[in-house]
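The values are calculated or read from the model by the stated rules, or taken from the named source; none is laboratory data. For clarity, every value in this text was computed on a predicted model and none was experimentally measured. Quick reminder, even Gly has a Cβ in these numbers, built from the backbone with ideal geometry, and neighbours come from all protein chains shown. Ligands, DNA and RNA are excluded from the accessible area calculation, which covers all protein heavy atoms including side chains. Shrake-Rupley method; radii C 1.70, N 1.55, O 1.52, S 1.80 Å.
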Amino acid sequence: MTSTPTIPLGGPTLPQERRVVTAIPGPRSEELLARKAAAVPAGVGHTAPIHAVAAGGGVVVDADGNSLIDLGSGIAVTSVGNAHPAVVAAVQAQVAQFTHTCFMVSPYESYVAVAEALNRLAPGDHEKKTALFNSGAEAVENAVKIARKATGRSAVVAFDHGYHGRTNLTMALTAKSMPYKSGFGPFAPEVYRAPMSYPFRDGLSGADAAARSISLIEKQIGADNLAAVIIEPIQGEGGFIVPADGFLPALADWCREHGVVFIADEVQTGFARTGAMFASEHFGIVPDLITTAKGIAAGLPLAAVTGRAEIMDASHPGGLGGTYGGNPVACAAALAAIDAFENDGLIERARQLGEHLTTRLEALRAADPRVGEVRGLGAMIAAEFVDPETGAPDAALTAAVAKACIAQGVIVLTCGTYGNVIRFLPPLAISDELLDDGLDVVAAALAAA
Ligand code: PLZ
C-alpha cells in the first residue's frame, strides 16, 4: 500500500530546515524517477534524484518529505526566494485577470512597465529600450539579431568557457561540447571564439588577456566584419570565471572604437546575484546590449534584451517578437521580483552572503590543497577542485562531493569546462543558519571524499 504524502504549502511558511527522513532518493521519488525514465528522454538530465512538491525561502521539499537546503536556486533563478509571497500574490492576481493576449496583438501595461524598469536599472544613463522573450537562449538569439541588423555585419565573437544556451545559434556561441553540443551540429555560421581571461589558469593581467583576444579578433575576423562581441561578465556554466581587472573594459573600449556591439550576457549574473543589480557595474563597463532572464521573474519564464535605443530601434517593425514573449503572468512576477530586489535590501544581502561563503570556503582552501581557488562575487561563489600535485582539474572529486551533499540534503551544482567546480547560488532569502548548515555538509563531504 502506498501512502499519499500530504503536500506542504510552499513559500516562507515552510520550515527553513534541513530534514532528511528517508534515503535520498526516498521511495516516492524512486517511483517518480522510474516514471521519468520511461516518459522523458534520457537527454533531459537532473542533478538531484528527487521530485519536488514544495519550495520556499531556501528549501526544497521532496515527495518523501525530505527538506533539502537549496544552494542552487534552480540555477540562479529563485533569487528572491522560492514562492516569494509578493510574487505569488502578483501572479495570482494576474492569472485571474487574463493569461494571454499576445503583446504583438493587444499590448498591455505590465510588459511596458518591465521594459521601463529594465531601461532604468541597466548600466548607463543613455536612452534605452527593452524587448521581452521567454528564455535566456531566446534573449541571446535576439541580441545577436538586433546587433546584426544595426551594424549590417554578420560575425559574432564569443569566448572560451562561455555559455549562452542550447538553441542552434546559442549552441554555436557556447564553448563546451559535452553535454551541450556533441552530435547536435552543424552549428550556425559566423561565430568565432576568442580566449577568455582565466586568472587562475592563465596568470595573465587583464590588459594582456584583452590584447591576446583583440589580436585574434583583428587577425582572424576583422573589425569590419564583426557585428557583436558577447561575453558573460562572470562566466556561469563555464566555471564562475571572474576575468582579471581591466579585461572587460579593454574589450568594451575596443568594441566602441570599431562600431562593434558589446553584448553582456547577464542571464546568470543579473538581478542582485553578484551584489550589484548587474555584474557589469563591478567592472565599470556600460554594455551596448544586455541579456537577462533567470532571476528576473522568480521562476516564471521571462527574458529580456535591453540596450541603446538606436541599436534596439534598428530592427524594422514586426522584426522582433514571438507568441509568448513578455507573457502577462511572467511580467507580473517580474514586477514583484524587481520591487523586492530594489526595496528589500537584496543587493546588500547578496554581498553579505558572498562574504560569508568566501570566508567559509577560504577556510576550507587553507586546510585542504585540493581546493585550488575560491572565487566569485556576491552570492555567486565557487570552489575549483584540483590535484594538489599538478593543479590538474579534479572532476571526480567534484562529482563525489556534490553527490554526497545531495545525499545529505543539500542541493549543490557543479560547473566548469573541466567539470571541477562547485558553485554556490543560494536564494538571497536563505538564512545564515541554513547556509552554515549547508556549508558544514559540504565541508564534511570534502573531508570524507
Ligand atoms: N546565458 C549566461 O547561464 C543558462 C543552463 C542550464 P536559458 N544557464 C543555465 C542548462 O544546462 O541548460 C544561461 C546562462 C547564460 C544564457 C543561458 C540560457 O538561458 O533560459 O536556459 O535558455
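If you check Gly322 against the conditions, is it within 16 Å of the ligand (Cβ to nearest atom), farther than 22 Å from Gly74 by Cβ, modelled with pLDDT of 95 or more and surrounded by fewer than 24 Cβ atoms within 10 Å (Cβ to Cβ)?
Values: within 16 Å of the ligand (Cβ to nearest atom): yes; farther than 22 Å from Gly74 by Cβ: yes; modelled with pLDDT of 95 or more: yes; surrounded by fewer than 24 Cβ atoms within 10 Å (Cβ to Cβ): yes.
Yes.
Report those strands (runs of 3 or more DSSP E) wholly inside the stretch 279-396 carrying at least 1 residues which are in contact with a Phe, Trp or Tyr (Cβ under 6 Å, 6 or more places away or on another chain).
Numbers: elements: 289-292, 303-308, 371-377, 380-385.
Counting at least 1 such residues, we get 303-308, 371-377, 380-385.
Has the stretch 144-163 got any residue that is within 16 Å of the chain's Cα centre (by Cα), of a type in the set (A, V, I, L, M) and either within 11 Å of the ligand (Cβ to nearest atom) or open to solvent by 10 Å² or more (accessible area, probe 1.4 Å) (or both)?
No: zero hits.
Filter the stretch 38-57 down to the residues that are open to solvent by 30 Å² or more (accessible area, probe 1.4 Å) and in a loop (DSSP other than H, G, I, E, B) and list them by number.
Of everything in the stretch 38-57, those that are open to solvent by 30 Å² or more (accessible area, probe 1.4 Å) and in a loop (DSSP other than H, G, I, E, B) turn out to be Val40, Pro41, Ala42, Gly43, Val44, Gly45, His46, Thr47, Pro49, His51.
Which helices (runs of 4 or more DSSP H) does the stretch 58-151 wholly contain that include 3 or more residues that are under 21 Å from Thr269 (Cα atoms) and either at pLDDT below 95 or aliphatic (A, V, I, L, M) (or both)?
Filter on the stretch 58-151 gives 109-121, 136-151.
Pick from Glu116, Glu141: which is away from the ligand (no atom under 16 Å from the Cβ) and charged (D, E, K, R)?
Glu116
Would the stretch 403-416 turn up any residue that is within 25 Å of Asp202 (Cα to Cα), open to solvent by 50 Å² or more (accessible area, probe 1.4 Å) and not in a helix (DSSP H, G or I)?
yes
Residues Ala211, Ala172, Ala252, Ala207: which one is open to solvent by 60 Å² or more (accessible area, probe 1.4 Å) and assigned to a helix (DSSP H, G or I)?
Just a single option satisfies the conditions, and that option is Ala207.
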